[in-house]
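Here's the structure we're looking at; comments come further down.
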Amino acid sequence: MIVFIDSDLVVTADFLLSHARRLQQSWADRGNRLSFTYGAVINTANFEHPTQEPHKLRDLSWAYFATGNVAIDRAVLEQSGLFDTRPAVYFLSVAVFVLFLTYQVVDYRRWKR
């Protein structure tokens, strides 16, 4: 299991165990290891008691594989070819996503009338 976490995150005592259990459950349910876990991230300035922070709208992420709190099988990650870190590919994928999102909003507003 590979876990991605940002350097500014504070985790709970059962953080790794939670990812491991959920991955094992998913692998058993699916019959393969082609899945990943994604945990919640709560933005807080309360580092003395970070788990007391309530969930806020800005805590939601629309990223499909945000690497702030994700776990995946190591072999699956290696077989996928890891990450393409070329800036052009990254920015192109973001541009395509923004165009897709814009189309969805326009289409929704068209049908809402």
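Which of the residues belonging to region 25-60 are aliphatic (A, V, I, L, M) and at pLDDT below 75? Within region 25-60, A40, V41, I42, L57, L60 qualify. Scanning region 61-83 for residues that are surrounded by 10 or more Cβ atoms within 10 Å (Cβ to Cβ) and either at pLDDT below 70 or touching a His at 6+ places or on another chain (Cβ under 9 Å) (or both) yields a count of 9.
The values are calculated or read from the model by the stated rules, or taken from the named source; none is laboratory data. Predicted model, so just to flag it, every value in this text is computed and none were measured. Heads up, the Cβs are rebuilt from the backbone with ideal geometry, glycines too, and the neighbour counts pull from every protein chain shown.
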